[in-house]
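Input: a single structure, listed below in structure tokens.
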Amino acid sequence: MAGMQTIKRRIRSVESTKKITKAMELVATSKLRKTRNQLDQLKPYYNTVRSTVAEILESSQGQSDSPYLIKNDVDTTAYIVITSSLGLCGGYNANVIKLALEEIKADDLVYTIGTKGYSSLKRSFASVNESYMHVNQTLDFNEIVRLVNELKNLYLEKKIGHIKIIYTEFVNNLRYVPHAVTLLPVTADKFVKSSHANKETLFEPSPEAVLEQLIPMYLQAVIYGYLVESITSENASRRTSMENANDNAEELIEDLLLKYNQARQTAITNEISEIVAGANAQ
């Protein structure tokens, strides 16, 4: 009987855990749907800014002397690393942190978005900025504007040679891939190859002046887009993890029920045997 009571307690414990993981799966599914919609809504703005940058770069035919297009002769790179602030999302954070440790050098600047990234990277690097750590929870675009202004000033003052971002690309609900992407200096070839520029467009007061205003807007759109995409990947990973946890819980409950029924049958058989043995003894 003691064994049967232990199995019953384990079944109740697993069922309670399953209720929690099921609720978390439903929450992650809802958040995933919301962030995917946000991602779709961002695309028109991003594409418009990007196509305008492409037009200007093609019209200048690579002759622009914008500081955003010129590589600074400085070894230090500023990295934006996007992770989550919550756990239970499979290998999402581990994959981003692994890539970050491979990419980032000791003298680089690190700006973390997400507490998981901050707590992991601060052990390896001296200069880890935590000012924007909670942007992944608030999704405050003003904070992204502030981050871009800070990094832009460092770049224009030639204190850093590159600005890069490490984020997680959302491929589909089951696949999410971490990437390291260079934001500055802007590579003109990347835009020209993908643009369908209208060479008759006139930019006032000049293409260069428009570009100076447009590049920060482009950076804001890209970083915010990568942030939303990373959160989408996080929610997809958490939903998959909770779904797997539910499946494992169901399998464990089935195994425990089988063991319980076997133990119960054994107890009944033993009791019958004792009754029969007692009757025969009389």
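The values are calculated or read from the model by the stated rules, or taken from the named source; none is laboratory data. Note that the structure is a prediction, hence the values are computed from the model and not measured. Glycine gets a Cβ as well: all are built from the backbone with ideal geometry, and neighbour counts include every protein chain shown.
Mind listing just one residue for me: the one in segment 27-37 that is in contact (Cβ under 8 Å) with a residue 12 or more places away in the chain and farther than 13 Å from V228 by Cβ and, of those, surrounded by the most Cβ atoms within 10 Å (Cβ to Cβ)?
Residues of segment 27-37 that are in contact (Cβ under 8 Å) with a residue 12 or more places away in the chain, as a first pass: 28-29, 31-32, 35-36.
Now drop any that are not farther than 13 Å from V228 by Cβ, which leaves 28-29.
Numbers: A28: 22, T29: 17.
Result: A28.
Quick check, is S51 in a loop (DSSP other than H, G, I, E, B), of a type in the set (G, A, S) and surrounded by 12 or more Cβ atoms within 10 Å (Cβ to Cβ)?
No: the conditions fail for S51.
Against the condition surrounded by 17 or more Cβ atoms within 10 Å (Cβ to Cβ) and modelled with pLDDT of 95 or more, how does I56 come out, does it pass?
It is false that I56 is surrounded by 17 or more Cβ atoms within 10 Å (Cβ to Cβ) and modelled with pLDDT of 95 or more.
Pick out, from segment 135-229, the helices (runs of 4 or more DSSP H) lying fully within it that include 3 or more residues that are modelled with pLDDT of 90 or more, within 17 Å of I70 (Cβ to Cβ) and assigned by TED's automatic domain parsing to the domain that holds R50. Let's see the steps before the verdict.
Details: elements: 135-138, 141-156, 188-194.
In segment 135-229, the matching helices (runs of 4 or more DSSP H) lie at 141-156.
With surrounded by fewer than 12 Cβ atoms within 10 Å (Cβ to Cβ), acidic (D, E), in the same structural domain as L184 (by TED's automatic domain parsing) and not in a helix (DSSP H, G or I) as the only criterion, which of D65, D40 stands out?
Details: D40 fails: not in a helix (DSSP H, G or I).
Exactly one residue qualifies, and that residue is D65.
Considering (1) out of contact with any strand residue (DSSP E or B) (no Cβ under 9 Å at 6 or more places or on another chain); (2) assigned to a helix (DSSP H, G or I), say which one I97 fails and leave the rest.
Against the list (1) out of contact with any strand residue (DSSP E or B) (no Cβ under 9 Å at 6 or more places or on another chain); (2) assigned to a helix (DSSP H, G or I), I97 comes up short only on (1).
Anything in segment 68-94 that is over 21 Å from the mean Cα position of the chain (by Cα), polar (S, T, N, Q) and part of a loop (DSSP other than H, G, I, E, B)? List them, or say none.
Keep residues of segment 68-94 that are over 21 Å from the mean Cα position of the chain (by Cα), which gives 68-77.
Filter once more, keeping what is polar (S, T, N, Q): 72, 76-77.
Within segment 68-94, N72, T76 meet the criteria.
If I filter segment 53-60 for residues that are within 24 Å of T168 (Cβ to Cβ) and either in contact with an Asp or Glu (Cβ under 9 Å, 6 or more places away or on another chain) or assigned by TED's automatic domain parsing to the domain that holds E212 (or both), do I get at least one hit? Working first, answer last.
Here is the first cut: in segment 53-60, the residues within 24 Å of T168 (Cβ to Cβ) are none.
For segment 53-60, residues within 24 Å of T168 (Cβ to Cβ) and either in contact with an Asp or Glu (Cβ under 9 Å, 6 or more places away or on another chain) or assigned by TED's automatic domain parsing to the domain that holds E212 (or both): absent.
Out of Y111, Y92, report the one residue that is closer than 24 Å to A28 by Cβ, hydroxyl-bearing (S, T, Y) and touching a Phe, Trp or Tyr at 6+ places or on another chain (Cβ under 8 Å). I'd like the intermediate steps shown before the answer.
Details: Y111 fails: closer than 24 Å to A28 by Cβ.
Checking each option against the conditions leaves just Y92.
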